[in-house]
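Since the structure comes first, as structure tokens, the remarks are kept for the end.
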Amino acid sequence: MSPRRLVPVLLAALMLIAGGWQVARAEVALYYAEGGTAISGYDPVSYFRDDAPRRGRAEYSLTWKRVTWLFASAENRDAFEADPRAYAPQFGGFCAYAMSRGRKSMTNPLAWWIQDGRLYLIHDLDLRDRWMRDIAGNVARAREHWPTVRRN
């Protein structure tokens, strides 16, 4: 390959590597944020206010815990900014069911559950069904594992 053609290939490879590093940094920040954006761009406040997840918009964003959070409205962004822990998903946005088993796993923003005013994200809808068979037990086990697992 000629040097002229090699430069764009090398630049693309560096961009891919940098993108992967950004995901790793976000995980170190304790929130699962693929590409640096929490909940795959869904508005965390919408789970509570709309009873369903809504896509956030870039113009209503903020950075918290070194990741970007998107919101469907300025009102939702302001509510989150005033009390982020009230709206942020538990266990750093990682799959709550996997956490109850002592592991980290990615989540599907459409597989979720609110229990006792807390948002739990799950890997997929099938696992959400398992999660719901013993919510209290799963939450308790996930809380036990979280301090250790979050550091890994």
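The values are calculated or read from the model by the stated rules, or taken from the named source; none is laboratory data. Just so we're clear, the structure is a prediction, and the values are computed from it rather than from any experiment. Using ideal geometry, Cβ is built from the backbone for each residue, glycine included, and neighbour counts are taken over all protein chains shown. For the accessible areas, the whole protein counts, side chains as well, though only heavy atoms, and no ligand, DNA or RNA atoms are used. Shrake-Rupley method; radii C 1.70, N 1.55, O 1.52, S 1.80 Å.
The set of residues in the stretch 73-92 that are in contact (Cβ under 8 Å) with a residue 40 or more places away in the chain and out of contact with any strand residue (DSSP E or B) (no Cβ under 6 Å at 6 or more places or on another chain) comprises TYR87, ALA88, PHE91, GLY92.
What about ALA98, is it out of contact with any Cys (no Cβ under 9 Å at 6 or more places or on another chain), aliphatic (A, V, I, L, M) and either free of Cβ contacts under 8 Å to residues at least 12 places away in the same chain or closer than 19 Å to ASN152 by Cα (or both)? Yes, satisfied.
LEU110 meets the conditions (1) farther than 15 Å from TYR31 by Cβ; (2) of a type outside the set (Gly, Ala, Ser); (3) in a loop (DSSP other than H, G, I, E, B) in every case but one. The failed one is (3). Looking at the structure I just gave you, is PHE91 under 19 Å from GLU59 (Cβ atoms), open to solvent by less than 20 Å² (accessible area, probe 1.4 Å) and not small (Gly, Ala, Ser)? Spelling it out, it is not the case that PHE91 is under 19 Å from GLU59 (Cβ atoms), open to solvent by less than 20 Å² (accessible area, probe 1.4 Å) and not small (Gly, Ala, Ser). No other residue among ALA79, ALA86 is over 14 Å from the mean Cα position of the chain (by Cα) and loosely packed, with under 15 Cβ neighbours inside 10 Å apart from ALA86.
For the stretch 106-135, name all the residues that are small (Gly, Ala, Ser) and open to solvent by less than 30 Å² (accessible area, probe 1.4 Å).
Hit for the stretch 106-135 is ALA111, nothing else.
Restricting the first member to the stretch 46-72 and to residues that are farther than 12 Å from ALA33 by Cβ, and the second to residues that are of a type in the set (Asp, Glu) and surrounded by fewer than 16 Cβ atoms within 10 Å (Cβ to Cβ), the beta-carbon pairs closer than 7 Å and six or more apart or on different chains are LEU62/GLU81.
Where in the stretch 32-93 are the helices (runs of 4 or more DSSP H), entirely inside, with at least 2 residues that are over 15 Å from LEU121 (Cβ atoms)?
Correct list: 74-82, 84-87.
Whenever a residue of the stretch 121-142 is basic (Lys, Arg), its partners that are outside any helix (DSSP H, G or I), lying with C-beta atoms within less than 6 angstrom and at least six residues away or across chains, give the pairs ARG128/ALA111; ARG128/ILE122. The lone criterion from (1) at pLDDT below 95; (2) assigned to a helix (DSSP H, G or I); (3) not aromatic (Phe, Trp, Tyr) left unmet by ASN138 is number (1).
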